[in-house]
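Notes to accompany the following structure.
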Amino acid sequence: MNGSKKLGEIVHMEFNVKVGDSIKTHDVIGEVESVKSVSEVYSPVSGKIIEINKELSDNPGKINESAESDAWMIKVDLESESEELMDKDSYVKYCESEEH
């Protein structure tokens, strides 16, 4: 949500992971290219990748259009529950505090 707004129009999405890969929190899972810059995408959790939204490679604009629904990137079988994850309201507050 907030990241796509800061990047601007997303024009390219590339994953560097595949289904079955084990990932750790903060691992790079891919990169997005916008009209402003190229940015790495980091995993917020540890676990095993069970699905990748390949549609984003063909239609990266979905990240701007529907970041909270159709533009999910990966689905992960979590290694363990993480207390560091935020709900939407907490994330919005965090982003607002980072902007100031």
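The values are calculated or read from the model by the stated rules, or taken from the named source; none is laboratory data. Just so we're clear, the structure is a prediction, and the values are computed from it rather than from any experiment. Cβ: placed from backbone, ideal geometry, glycine included. Neighbour counts: every protein chain shown. Protein only, heavy atoms only, side chains kept; ligands, DNA and RNA dropped before computing areas. Shrake-Rupley method; radii C 1.70, N 1.55, O 1.52, S 1.80 Å.
Some points to look at:
- Across all directions, the average projected area of the convex hull around the alpha carbons of the chain is 6.4 nm².
- Only Lys, Arg (+1) and Asp, Glu (-1) charged, at Cβ; the stretch 10-98 dipole about Cα centre in debye: 220
- Of all accessible heavy-atom area on the chain, the percent that carbon and sulfur account for (1.4 Å): 46
- The mean sequence separation of alpha-carbon pairs under 8 Å and at least six residues apart, normalised by the residue count of the chain, gives a relative contact order of 27 percent.
- Residues in the chain average 68 Å² of solvent-accessible surface per residue, probe 1.4 Å, ligands and nucleic acids excluded.
- Gain in span if fully extended, Ser97 to Glu68, counting 0.36 nm per residue against the direct Cα distance: 8.4 nm
- Close Lys pairs in the chain (alpha-carbon distance under 13 Å; sequence gap of 8 or more, or different chains): 10.
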